[in-house]
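Have a look at the structure below before the remarks.
The values are calculated or read from the model by the stated rules, or taken from the named source; none is laboratory data. Just so you know, these numbers come straight off a predicted model, no measurement behind them. Here the Cβ is made from the backbone with ideal geometry for all residues, glycine too, and neighbour counts use every protein chain on show.
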Amino acid sequence: MPSPEDQKRAEATVRELFKKELSEAKLPAQKLALADKLFQEAQATKDDPAAAYVLFGMASALAAAGGDLTTSIEMIETAAGRFEMNSASLKLDVLNKALPGLRSGPQPALLAYELADLALNVMEDAILTDQIELAVEAYKLASGIVKRSGDNDLTQEVLSRNHCIQVFQKQYEAFRAAEKQLSVHPDDPAAHATLGRWHCFLKGLWEKGLPHLARAQPAELAALAQADLQSPENPKEQFQLAERWLQYAESESEEAKGHIQLRAAHWYRQALPDLSGLEKLTAQKQLEKLPTVPPLFTRRERGEVVPGNVALQIAGAQVTGTNTTGTYLIDGAISESSIARGTSPVTWTIVLPKLYRLREIRLLLVDPHRVRPRHYGYIIAVSKDGKRFVPLVDRSKGQWMGWQVIDFPARPVRAIQLIGLRESGER
């Protein structure tokens, strides 16, 4: 990361170069436009690290000031890919500065959702980088405001992380003490055991933790880790390694057991294609019983970010619903000959080919006859799993016509439900 002196010099230069734009960026849209401009400049600046760093920071701050917290966070993540920086701390700072908007902003429920959702992501990032105090702060932010979002799924997700954060808090002091001990006594087996358990059994970071477990006590655990580090290719050895991990899991705490069982499942899956007889049957049965996600800590599904329209039939999207004209919603054509229609109420569900992170939905309400303007009423709901839907926008009242652009805080979406409630022509 550039020195404070270089940052100060670069900031003075950037502010002078963009003096006019910075003074004129008063409205949210103007701030967002300038944020994008500075972000593009930051990415293009290769020969002046200090200037690039300052440009990233100013772009992120402007995006947040313009009301787009998700973009602000994404800009920090891009900068973190280029500079060594505490990105989790910077992200949390952005979220804390946005909290007053819950009292004075125009859409407090949407802001509460975005803040809680992003705070959970910061909590995960902080745990993975061993910044537990920061993770606790992020969790407190999320848990303190999530109910204001009105989103039951997100509320339950936040509350379900309470046990996770408590476990990491409880183990954190021992983890730091073990790190300090190894800096003085690098062969201490007890300290290696503590670090290995922290990374493997609590976080599931086996590549980082196995070298510690291989030097740990008890000897049984060290031998097991050493065998795992050998990455056996023989299916019988892989099967035996899975069996050993599964047996060892019974000697550990409930918090640790989940990741150990997942490690056993990993080796069962590696061995299964080349096994036969009772070993094959055993591996199949164990895989049916073993968990697929750890009970304590796993990263959230955030959804893939793809520019452009992902709700297209040619991209793999599908439609189910009241009638087959719903396929016109995803054919990519905008013409009067390809209109989804039906007698209200009508419901269509667009199922996307994978989980995407969406922030905008566009819908064209067509007036096919043009004799007199037609208006519509509708509701849009979204789902992360294609089963449980959360209302996104309720436009059952009012006169809605033409292009509908629904902007919302970025969220993972697998399915979109469109409910047509009324139309002035009663069709």
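Being among the hydrophobic types (A, V, I, L, M, F, W, C) and surrounded by 18 or more Cβ atoms within 10 Å (Cβ to Cβ) is the filter here; which residues of segment 347-362 pass it?
Trp348, Ile350, Leu352, Leu358, Ile361
Which one of these is in contact (Cβ under 8 Å) with a residue 40 or more places away in the chain, under 30 Å from Trp206 (Cα atoms) and assigned by TED's automatic domain parsing to the domain that holds Met401: Leu296, Leu355, Leu364?
Testing whether each residue is in contact (Cβ under 8 Å) with a residue 40 or more places away in the chain, under 30 Å from Trp206 (Cα atoms) and assigned by TED's automatic domain parsing to the domain that holds Met401 leaves just Leu355.
Among all residue pairs at least 6 apart or on different chains, which show Cβ distances below 6 Å where the first residue, located in segment 317-334, is on the phi > 0 side of the Ramachandran plot and the second is aliphatic (A, V, I, L, M)?
Gly332/Leu312
Condition test on Ala61, is it surrounded by fewer than 21 Cβ atoms within 10 Å (Cβ to Cβ) and under 24 Å from Lys140 (Cα atoms)?
yes
Any residue in segment 204-216 that is part of a helix (DSSP H, G or I), surrounded by fewer than 17 Cβ atoms within 10 Å (Cβ to Cβ), in contact (Cβ under 8 Å) with a residue 24 or more places away in the chain and outside the structural domain of Ile406 (by TED's automatic domain parsing)?
Checking segment 204-216: not a single residue is part of a helix (DSSP H, G or I), surrounded by fewer than 17 Cβ atoms within 10 Å (Cβ to Cβ), in contact (Cβ under 8 Å) with a residue 24 or more places away in the chain and outside the structural domain of Ile406 (by TED's automatic domain parsing).
From Gln417, Gln404, which residue is polar (S, T, N, Q) and either in contact with a Leu (Cβ under 8 Å, 6 or more places away or on another chain) or not in a strand (DSSP E or B) (or both)?
On the way: Gln417 fails: either in contact with a Leu (Cβ under 8 Å, 6 or more places away or on another chain) or not in a strand (DSSP E or B) (or both).
Exactly one residue qualifies, and that residue is Gln404.
Rundown of residues vs (1) surrounded by fewer than 16 Cβ atoms within 10 Å (Cβ to Cβ); (2) acidic (Asp, Glu); (3) within 32 Å of the chain's Cα centre (by Cα); (4) not in a loop (DSSP other than H, G, I, E, B), yes/no style:
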| site | (1), (2), (3), (4) |
| --- | --- |
| Trp245 | no, no, yes, yes |
| Ser251 | yes, no, no, no |
| Ala264 | no, no, yes, yes |
| Pro294 | no, no, yes, no |
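If a residue must be in contact (Cβ under 8 Å) with a residue 40 or more places away in the chain and among the polar types (S, T, N, Q), how many such residues does segment 283-293 contain?
Residues that pass the stated criteria total 1.
So is Gly398 assigned to a strand (DSSP E or B), modelled with pLDDT under 90, more than 33 Å from the chain's Cα centre (by Cα) and farther than 16 Å from Arg362 by Cβ or not?
yes
Looking at Gln226, is it buried (at least 19 other Cβ atoms within 10 Å of the Cβ) and modelled with pLDDT of 95 or more?
No: the conditions fail for Gln226.
What number goes with the only condition from (1) without any contact (Cβ under 8 Å) to a residue 40 or more places away in the chain; (2) in a helix (DSSP H, G or I); (3) out of contact with any Phe, Trp or Tyr (no Cβ under 8 Å at 6 or more places or on another chain) that Gly67 does not pass?
Result: Gly67 passes all but (2).
Can you pull out the helices (runs of 4 or more DSSP H) entirely within segment 116-184 that have at least 1 residues that are in the same structural domain as Gly258 (by TED's automatic domain parsing), among the small types (Gly, Ala, Ser) and surrounded by 15 or more Cβ atoms within 10 Å (Cβ to Cβ)?
162-184
Evaluate the following for Lys31: is it within 28 Å of Gly105 (Cα to Cα) and without any contact (Cβ under 8 Å) to a residue 40 or more places away in the chain?
yes
In segment 310-338, which residues are out of contact with any strand residue (DSSP E or B) (no Cβ under 7 Å at 6 or more places or on another chain), assigned to a loop (DSSP other than H, G, I, E, B) and either over 25 Å from Tyr356 (Cα atoms) or not aliphatic (A, V, I, L, M) (or both)?
Asn323, Asp331, Gly332, Ser335, Glu336, Ser337, Ser338
Identify the single condition in (1) under 17 Å from Arg263 (Cβ atoms); (2) surrounded by 14 or more Cβ atoms within 10 Å (Cβ to Cβ); (3) modelled with pLDDT under 95 that Leu241 does not satisfy, given that it satisfies every other one.
Condition (3) is where Leu241 drops out.
Within segment 217-237, work out how many residues are part of a loop (DSSP other than H, G, I, E, B), out of contact with any Leu (no Cβ under 7 Å at 6 or more places or on another chain) and closer than 27 Å to Thr282 by Cα. Lay out the reasoning, then the answer.
Narrowing segment 217-237 to residues part of a loop (DSSP other than H, G, I, E, B): 217-218, 230-234.
Subsequent filtering for residues that are out of contact with any Leu (no Cβ under 7 Å at 6 or more places or on another chain) retains 217-218, 230-231, 233-234.
When the remaining residues are screened for being closer than 27 Å to Thr282 by Cα, the result is 230-231, 233-234.
Going through segment 217-237 one residue at a time, the tally reaches 4.
Quick check: anything in segment 101-121 within 30 Å of Ala219 (Cβ to Cβ) and in contact (Cβ under 8 Å) with a residue 24 or more places away in the chain?
Just the residues of segment 101-121 that are within 30 Å of Ala219 (Cβ to Cβ), to begin with: none.
The answer is no; no qualifying residue exists.
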